[in-house]
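Presented below is the structure to which this report refers.
The values are calculated or read from the model by the stated rules, or taken from the named source; none is laboratory data. Fair warning: this is a prediction, and the values are worked out from it, not measured in the lab. Note that each Cβ is placed from the backbone with ideal geometry, even for glycine, and that neighbours are counted across all protein chains shown. Heads up: the accessible areas ignore ligands, DNA and RNA and are worked out on the full protein's heavy atoms, side chains in. Shrake-Rupley method; radii C 1.70, N 1.55, O 1.52, S 1.80 Å.
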Amino acid sequence: MTVPLNPVELAVFVSRCAGICDEMGMVLRSAAFSPNIKDRLDFSCALFDEKGGMFAQAAHVPVHLGSMAFAMRDIAQSRVWRPGDELIFNDPFLGGTHLPDVTLVRPFFLEGRLMGFVVNRAHHAQIGSQTPGSMPISSSIEEEGCIISPALMRDEGRPVQAMVTWLKAELGAGTAADLAAQSSANRVGIDRLEPLIKEFSGDGFLVAIQQLNDYGRTMAQSGIARIPEGVYGFEDVMDSDGLGAAAIKIRVEITVSKGNVSVDFTGTSAAVSGNINCPISVTAAGVYYAMRCLLPENTPACAGTFSPISLHAEPGCLVNAERPAATAAGNVETSMRIVDCMLGALASALPNEIPAASQGTMNNIAMGRAGHWDYYETLGGGVGASKLGPGIDAVQSHMTNTLNTPIEVLESNYPVEIIDYAIRSDSGGEGLHAGGAGLIRSYRFLERAEVTLITERRQSPPWGLAGGAAGSTGHNTLNGRLLPDKIQLNVEARDVLTVRTPGGGGWGRLRKDAVSPAKKKNGSN
């Protein structure tokens, strides 16, 4: 008979599992070649039980982890797994997010018994799109690159040569090398799990996971119980889809009852022609993230924690898009607005805990020259202020947890110079507590290139709370000429692209005779 873990033993088990995810991430970063993985850290690692329920993750990218937590059950039950198998996929409608995010799944066994899976997901700047950076202004998923439906890359430990050859031919040697780094990270995960499982025995390991899920559910319901029971609604808009549609609505209604939360997106706009459509897995990631921010700090990231949360979105709407809808920006832009809507709705329930809106965009910039180079990055902006204090300046927030690419790395690898990189003064919303400032980043191109910008909050500003003012909208310019929020364009040598990212909303009403905290902090420029 397996003896349940006591609280201290359970805490040690949780830490050991999370440590395996951390080590997987370190291996992936060390072995990768591209700045997206090596410098920006645009990847995530997690562990799942034999049914596809998450039981551990590293503190990586929320949109990756939440979507995997939602979709892995279908992946886990989609085939008969054997030791040494490794599955690869990126299809947004079969458990992925958008095509540049490629996921590798490897099962782990004890004496022939399936015990669970190690998984990692990483962003690749070249995924077979006709445009550099693989983030086009697209109207269907087929335009966004190579669609990899779940398929074996390794079969019982042996490379599936046809798949390996196809990946290298379609995506290039650089992407193939980064996929090999992802595979190495999974192997390390398996190596570290084996002694842990043997220590607990197979049954003991599964009992520990069940205890973890029970604990996660208890912690989640305890956190949810702090929210007054009721129904809370909010709506916000996307600037555009890049192909003519504008002011696209996202509406959410959150029902809190008896320790459970139901999230309903009825009233959200239908899917659009452009690429801001969200697969339901990405929508779930935004919902999970917003709710987890309200839970006690030591709440584990596991299936049990998310079990009191349910969601509904009409098939075919913006946040439950169906094939062949374009989804490249749904993962990065619409997911951010989903979080804004979730927090906006909950602000009426917890007015002293919810911050004002953060920048509400990842400021996606893709650039390069076909057949020569590809580069992609996202930029930070202002974080919303709260009752506790002002927002943070110029950081990635909410659904992304990546870093910037250091100027030295960018300039040494690509024909681009950074001529300005600074805090955008006075862009945070005014209030008793000022919103965080955005940033300014200017690129001078040293040769002709193609550029794609996919940005938001260029029309509708990040909202303030409790009487605080909205943050400043963002602006994109080429040689001083204002550009749309989403555009694909060609640039010449010496052209200068400047991106000014949004500031966060302010919190609390500023007295008429008071000096703005933002101006005190940033000066008058």
For segment 317-342 and segment 434-482, what is the separation of their Cα centres, given in Å?
-> 20 Å
Segment 66-139: trypsin sites (Lys or Arg not before Pro) in DSSP loop, at most 13 other beta carbons within 10 Å | ARG79
Just grab the label-to-label distance for ASP420 and ASN479, each label 7 Å out from Cα along the Cβ direction, in nm (one decimal).
-> 1.6 nm
Relative contact order as a percentage, segment 224-370, C-alpha pairs under 8 Å and 6+ apart, gives 28 percent
Rounded if a/c is under 1.5, else prolate if a/b is larger than b/c, else oblate: which is segment 12-130, with a ≥ b ≥ c the root eigenvalues of its Cα gyration tensor?
-> oblate
Just from the alpha-carbon atoms, what are the Rg and Dmax of segment 443-495 in angstroms?
-> 14.7, 48
Using the C-alpha gyration tensor of segment 133-240, what are the square roots of 5 times its eigenvalues, in whole angstrom, with the largest one first?
-> 37, 32, 11
Quick one: which residues, 5 or more positions from LEU432 or on another chain, have an amide H under 5 Å from its amide H? H modelled 1.01 Å from N in the peptide plane, none for Pro or chain starts.
-> TRP507, GLY508, ARG509, LEU510
Would you kindly compute the Cα radius of gyration of the chain and its largest Cα-Cα separation (Dmax), both in Å?
-> 22.6, 73
In order through segment 500-510: 3J(HN,Hα) via Karplus (6.51 cos²θ - 1.76 cosθ + 1.60), integer Hz, x for Gly, Pro = 10, 8, x, x, x, x, x, 10, x, 6, 7
Express the carbon and sulfur contribution to the solvent-accessible surface of the chain as a percent, rounded to the nearest whole number, probe 1.4 angstrom.
-> 53 percent
Applying the Karplus parametrisation 6.51 cos²θ - 1.76 cosθ + 1.60 with θ = phi - 60° to the phi angles of segment 65-81, what ³J(HN,Hα) value in whole Hz is obtained for each residue in order, glycine and proline being reported as x?
-> 5, x, 5, 5, 4, 6, 9, 5, 4, 5, 5, 4, 9, 8, 7, 8, 8
For segment 122-128, what does the Karplus curve 6.51 cos²θ - 1.76 cosθ + 1.60, with θ = phi - 60°, yield as ³J(HN,Hα) per residue in whole Hz, taken in order and with x for Gly and Pro?
-> 9, 8, 10, 5, 10, 10, x
Sorting THR255, THR305, THR473 by accessible area (1.4 Å probe), largest first, what list results?
-> THR255, THR473, THR305
Kindly count the pairs of lysines across the chain whose alpha carbons are less than 24 Å apart, treating pairs on different chains or eight or more residues apart as eligible.
-> 9
Between LEU110 and residues 5 or more places away or on another chain, which pairs have amide H atoms under 5 Å apart, with H built 1.01 Å from N, and which residues are they?
-> MET115
Amide H contacts under 5 Å for GLY233, restricted to residues at least 5 apart in sequence or on another chain and with H modeled in the peptide plane, are ILE254
Heavy-atom accessible area order for ILE276, ILE407, ILE423, largest first, 1.4 Å probe = ILE423, ILE407, ILE276
So the compactness index of segment 247-358, its C-alpha Rg divided by 2.2 N^0.38 Å, takes the value 1.05
Heavy-atom accessible area order for TYR376, TYR288, largest first, 1.4 Å probe = TYR288, TYR376
May I ask for the longest run of the chain untouched by GluC sites (Glu not before Pro) that are loop-located per DSSP and have at most 13 neighbouring C-beta atoms (other than their own) within 10 Å?
-> 323-491
In nm, to one decimal, how far is the SER412 label point from the LYS258 one, both placed 7 Å along Cα→Cβ?
-> 6.0 nm
Using the beta-carbon distance between ARG226 and ALA247 and R0 = 22 Å, what value does 1/(1 + (r/R0)^6) give for FRET efficiency, to the nearest 0.05?
-> 0.05
Could you give log10 I(q)/I(0) at q = 0.25 Å⁻¹ for segment 404-495, computed by the Debye formula over C-alpha point scatterers of equal weight, without solvent?
-> -1.31
Sites GLU199 and ALA151, calculated FRET efficiency, Cβ-Cβ separation with R0 35 Å, nearest 0.05 = 0.55
Where a ≥ b ≥ c are root eigenvalues of the Cα gyration tensor, a/c under 1.5 meaning rounded, otherwise prolate if a/b exceeds b/c and oblate otherwise, segment 178-286 counts as oblate
Length gained if GLU314 through GLU447 is fully extended, taking 0.36 nm per residue and subtracting the Cα-Cα distance, is 43.3 nm
Potential lengthening between MET26 and GLN161 on full extension [0.36 nm per residue; Cα-Cα distance subtracted] = 45.9 nm
Relative contact order (%) - segment 36-191, alpha-carbon pairs under 8 angstrom, separation at least six = 23 percent
